[in-house]
Amino acid sequence: MGKKDKAKKGKGAEKTIAKTLKKQTNKLKKELAAKGEEDLEQVIKDLEEADRKKNSIVEDLLKDGPSRRANFSFNAHVDKDEIIMFGGEYFNGQKTYVYGDLVIYNLKKKTWLRIQSPGAAPPRCAHQAVLTAGEGGQLWIFGGEYASPSQSQFYHYKDLWVFYLKTKKWEKINATLGPSSRSGHRMVLCKKQLVVFGGYHDNGMDYKYYNDLHTFDLETRTWRKIEPAGTAPSPRSGCQMVALPDGRILITGGYSKNKVKKDVDKGIVHSDAFLLVPDKHDTNGTKWKWQSVKLGGTKPSPRTGMSVVANTIGNRAYFFGGVQDEEEDEENISGTFFNDLYCLDLEKLNFSRITLDGVKSKKEVTDAEGATSDAVQDVEQPETSVNTEQPIVVDDGVYTLTIGPSSSGNAENASAGATGAVAVQVTTPSPRMGSGLCVKHGVLYLYGGIVEDGDKQYTLNDMFALDLHKGVEWDELIHDEQAKCEWIDSDSESSGMEGDESSDEDDDDEESDEAMEES
């Protein structure tokens, strides 16, 4: 009798939870209807249906480049001199825009081409994309989210798509047993597998962070959930994930939230690092193990929203920007944004901060070195420990790059060469998080991102390039003159989506958390 009563009690509890959830969902739908917003799930279905009805491919040259955005994907083509951008988001203080455009940047022509194809993946941000070789290049996209204009709703995807760059056609992959819906996850290509880790899901009433691991076999087109041996990283989103040349995968950093008390959450910025190591004797790619690892050298300060890209030719990864948040109290968060650039040696797992020489005039070179020269030459030095405060020169056989230690000064105040005799103004992207970063032919490309100024959040559409061989300064390809003109104060304008003015501060904190989770 006892067991029977216990079973009945358990079922009753499940029914109560389900009933409560249904009430909350219905209440949310009524509130959204009052604001004039549709249910996002239906919006997504309508978007997909509209795309399926298209019967032609439309290509447009974008004279002014793509719109400002953050949390998009930015991948260098494997064979061609192109960069492929997909998705992203933009918030102007009142309204959120989520993009579903696929735009290709031609590195030689310096032109932007937007491609609209039938049956395309619906708009999203905070997704992941991997570009593979073969068949003219394939762009694989998994997950991400779609936000309503007022940010009252968030729809998280669990779909997998591939865009064939040669034929300009989309295909939705209908494989089962994949990861649950999420955004802020990470995905890398390891041999012939897509490897997906972490992320988060927020249904407007509750949230959850993940630390599960999934692989997608590109040959059999099947998902598999992997249960590695060892202690896994704690659940998180927005971490940095890099595939190493030897088949291991590095995961470091990230962000998560824990409930402190009712309606109060505490954000956690992770600074630990783990290696995901494949079993050498496993031919199926199913046996892995977690290993905690300490990254050496001059490491970035704990932060979120750093952009990362691996350069397999130089066996290095590059990390840019991010934000370090300080919680003044339970309600207020202030952030410090960065524009520093770090290099991670993928063999030694050592960090170094990159300091740029800047472009000197002949007079400056004469003053600094006592001799006239048309260019700044790298000074060969013995390779010292990256823990010292001396700059070093790294030569990997392909690129030579001057790397310096971390300093408290901003990147714009970098000194001129090893002598430091003459200060040189170095062109550097402004501080930001959630930007796009990729490498092609030894050049590092950076686009867009977000920066905050008090309670204002600016989304950028500038673009920079850094020649990793010369290591002199960033070349500004697109200048953003209107960045700080694109903000509408919710208390000064009426858009029909503002809600109660007394909740503005809470909304700002939620937007900051959302950005950290996504990036």
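The values are calculated or read from the model by the stated rules, or taken from the named source; none is laboratory data. Remember, predicted model here, so these are calculated numbers, not experimental data. Please note: Cβ atoms are built from the backbone with ideal geometry, for glycine as well, and neighbour counts cover all protein chains shown. Ligands, DNA and RNA are excluded from the accessible area calculation, which covers all protein heavy atoms including side chains. Shrake-Rupley method; radii C 1.70, N 1.55, O 1.52, S 1.80 Å.
Note down the accessible area of residue 259, probe 1.4 Å, to the nearest 10 Å².
130
In the range 45-76, whose amide N lies under 17 Å from the spot 7 Å out along Cα-to-Cβ of residue 116? List them in ranges.
Correct set: 46-67.
Can you pick out the pairs among 166/289; 191/289; 109/169; 166/191; 259/287; 169/440 whose Cα atoms lie more than 26 Å from each other?
Pairs exceeding the cut-off: 166/289; 259/287.
Answer rounded, prolate or oblate for the range 263-329, using the Cα gyration tensor with square roots of eigenvalues a ≥ b ≥ c: rounded when a/c is under 1.5, else prolate when a/b is larger than b/c, else oblate.
Oblate, because a/c is 1.5 or more while a/b does not exceed b/c.
Could you tell me the accessible area of residue 167 in Å² (1.4 Å probe, neighbours in place), rounded to the nearest ten?
70
Only Cα pairs under 8 Å and at least 6 apart count here; give the relative contact order of the range 131-178 as a rounded whole percent.
After rounding, I find 32 percent.
Pairs of alpha-carbon atoms within less than 8 angstrom and 6+ residues apart define the contacts here; what relative contact order does the range 83-162 have, in percent?
24
On the accessible surface of the range 168-322, probed at 1.4 Å, how many percent belong to carbon and sulfur atoms?
That fraction is 48 percent.
Test of understanding: what is the full-extension gain from residue 46 to residue 425, defined as 0.36 nm times their sequence separation minus their Cα-Cα distance?
Stretched fully, the residue 46-residue 425 segment lengthens by 131.3 nm.
Which of the peptides 236-242, 169-175 is most tightly packed, and how do the rest follow, judged by the mean count of other Cβ atoms within 10 Å per residue?
Packing order, densest peptide first, comes out as 236-242, 169-175.
Does the range 247-359 come out rounded, prolate or oblate, given a ≥ b ≥ c as the square roots of the eigenvalues of its C-alpha gyration tensor, rounded meaning a/c under 1.5 and, failing that, prolate meaning a/b above b/c?
oblate
Determine the distance separating the Cα centre of the range 169-242 from the Cα centre of the range 38-100; give it in Å without decimals.
22
Using θ = phi - 60° and the Karplus relation 6.51 cos²θ - 1.76 cosθ + 1.60, list the HN-Hα couplings for the range 339-355 in order, rounded to whole Hz, with x at every Gly or Pro.
9, 8, 10, 10, 10, 10, 6, 7, 8, 8, 6, 10, 8, 9, 8, 8, 10
Return one whole number: the accessible area per residue of the range 169-257 in Å², for a 1.4 Å probe.
Ligands and nucleic acids excluded, the figure is 40 Å² per residue.
From the square roots a ≥ b ≥ c of the eigenvalues of the alpha-carbon gyration tensor of the range 176-331, which class results: rounded (a/c under 1.5), prolate (a/b over b/c), or oblate?
Cα axes put the range 176-331 in the oblate bin.
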